[in-house]
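Read the structure below first, then the notes.
The values are calculated or read from the model by the stated rules, or taken from the named source; none is laboratory data. Small disclaimer: the values here were computed from a predicted structure and weren't measured. For neighbour counting, all protein chains shown are included, and Cβ atoms are generated from backbone atoms with ideal geometry for every residue, glycine included.
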Amino acid sequence: MFSKKLKNLTPYTPGEQPQNKQYIKLNTNENPYPPSPITSQLLNNWSKKTDELRLYPDPDSKRLKQTLADNYNLKSENIFVGNGSDEVLALAFFSFFDPDRGDLLFPNHTYSFYPVYCRFFDIQFKQIPLNADFTINIKDYIRKDESTGIIIANPNAPTGIPLALAEIKELLNGYSKDRVVVIDEAYVDFGSESATKLIKDYPNLLVVQTFSKSRSLAGQRIGYAMGSKELITAINTAKNSFNSYPVDRITEELAIATIEDTEYFKKITSKIIETRDIFSSNLKQKNWKILPSGANFVFASHPKLSGEYLYTRLKKEGILVRWFNTAGIDAYLRITIGLPKEMDQLLIALDKIESEA
Ligand SMILES: *Cc1c(COP(=O)(O)O)cnc(C)c1O
């Protein structure tokens, strides 16, 4: 009844999305602030023009691409949009990586969807160990033996540690010009430097971003890629062989307005950065080990209590964080930065757990 391909799949496990109990949800890196207030105005208008939903959306999302192009100082031909950056990444894997041209390289601790796509598309991969301090050593990726491509999340997940633009440049300079380097910038808006500036000089660079984290639209499902016309044309071929209409009419409109509301975007991202830095120094005072984060989460371990114990106890206290049962990082919790009062409640819960342990 089932295909052979299906039997070989190991699906990605997303963080819990509890449907009944009310948790303080710090486990899937969603934004604690609502999307731009303009989106609710637009949705009100939609209630009066539902007739338009009879019609398919623009298959090329031309208006949204132009808005993104203007925002990043690129051309519309340099932009690809899709149903969440997960879909954009999947189409990029399909378009650029082959099983017979060596391995796809990525860090041993990174976004766990990458190996899942490799299995889906039958791509060989090699996971390059992070340094002892969880940083990425760019030199490990610039190697003489063949690889089919590179994907790096910057900042990396779940560590939160960013790479400097100079390091990305070093990677691109040292690597084959006929292999694609994907930089997944899901968290770049929380204080690190985007590689979009390098697109003009490196036709083999693809930068992927999402509306799910810094733009507060995880529920709307919208992501995008930026790169040379050559790369974007290739992903379009893949997309038009799979789903012509990944972005619906309502989503395109909300996404455009969200990008245009730069003031609100700056306000919520800087608030999250501020909350992150305060929360990090509070944990440090309590002797936690905390990795330097450029993201909307922190990766931290307690001096005595195990990651699993803390995860389980916090859940009982009504607070969800993410714990990975993976050797090398299982002492750590990945904690999404929420509202200041949610982080205060977390600190209170941690005090209680420590005093009982
Ligand atoms: C959240 C996340 C994504 C996926 O984002 P969507 O646009 O919601 O699909 C991609 N890459 C990384 C590293 C992420 O953390």
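Key figures
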{"read-out": "Boolean, LEU43 is buried (at least 16 other Cβ atoms within 10 Å of the Cβ) and within 22 Å of TYR264 (Cα to Cα)", "value": "no"}
{"read-out": "Within the range 316-355, tally of residues that are part of a helix (DSSP H, G or I), in contact (Cβ under 8 Å) with a residue 40 or more places away in the chain and over 17 Å from ILE278 (Cβ atoms)", "value": "2"}
{"read-out": "Among residues of the range 123-151, those that are within 22 Å of GLY84 (Cα to Cα) and part of a loop (DSSP other than H, G, I, E, B), counted", "value": "1"}
{"read-out": "Subset of the range 195-213 [in contact (Cβ under 8 Å) with a residue 40 or more places away in the chain and either surrounded by fewer than 24 Cβ atoms within 10 Å (Cβ to Cβ) or not hydroxyl-bearing (Ser, Thr, Tyr) (or both)]", "value": "ALA195, THR196, ILE199, LEU206, VAL208, GLN209, PHE211, SER212, LYS213"}
{"read-out": "Among (1) crowded, with 22+ Cβ neighbours inside 10 Å; (2) within 12 Å of the ligand (Cβ to nearest atom), the one test that ALA218 misses", "value": "(1)"}
{"read-out": "Residues within the range 243-261 that are within 14 Å of ASP58 (Cα to Cα) and in a loop (DSSP other than H, G, I, E, B), tallied", "value": "6"}
{"read-out": "Checking GLY15 against (1) assigned to a helix (DSSP H, G or I); (2) in contact (Cβ under 8 Å) with a residue 40 or more places away in the chain, the condition it does not meet", "value": "(1)"}
{"read-out": "The range 85-118: number of residues that are of a type in the set (Val, Ile, Thr) and under 24 Å from LYS139 (Cβ atoms)", "value": "1"}
{"read-out": "Residue within the range 245-266 that is out of contact with any Ser or Thr (no Cβ under 8 Å at 6 or more places or on another chain) and over 26 Å from VAL188 (Cα atoms) present", "value": "yes"}
{"read-out": "Meets criteria (away from the ligand (no atom under 12 Å from the Cβ), assigned to a helix (DSSP H, G or I) and crowded, with 23+ Cβ neighbours inside 10 Å) for LEU231", "value": "yes"}
{"read-out": "Residue pairs meeting the criteria (Cβ under 7 Å; at least 6 apart or on separate chains; first without any contact (Cβ under 8 Å) to a residue 40 or more places away in the chain, in the range 227-249; second assigned to a loop (DSSP other than H, G, I, E, B) and of a type in the set (Gly, Ala, Ser))", "value": "none"}
{"read-out": "In the range 154-193, the residues that are aromatic (Phe, Trp, Tyr) and under 19 Å from the mean Cα position of the chain (by Cα)", "value": "TYR187, PHE190"}
{"read-out": "Every pair of residues 6+ apart whose Cβ atoms lie under 8 Å, when the first sits in the range 109-133 and is more than 19 Å from GLY160 (Cβ to Cβ) while the second is in a loop (DSSP other than H, G, I, E, B) and aliphatic (A, V, I, L, M)", "value": "VAL116/LEU9; TYR117/ILE123; ARG119/LEU9; PHE120/LEU9"}
{"read-out": "Hits in the range 192-221 (condition: in contact with a Gly (Cβ under 6 Å, 6 or more places away or on another chain), within 20 Å of PRO107 (Cβ to Cβ) and in a loop (DSSP other than H, G, I, E, B))", "value": "SER192"}
{"read-out": "Residue ID - nearest to LYS239 (Cα to Cα), chosen from residues in the range 67-103 that are modelled with pLDDT of 95 or more and surrounded by fewer than 16 Cβ atoms within 10 Å (Cβ to Cβ)", "value": "GLU77"}
{"read-out": "Candidates ASP122, ASP100, ASP133, ASP145 - the one that is touching a Gly at 6+ places or on another chain (Cβ under 9 Å) and among the charged types (D, E, K, R)", "value": "ASP145"}
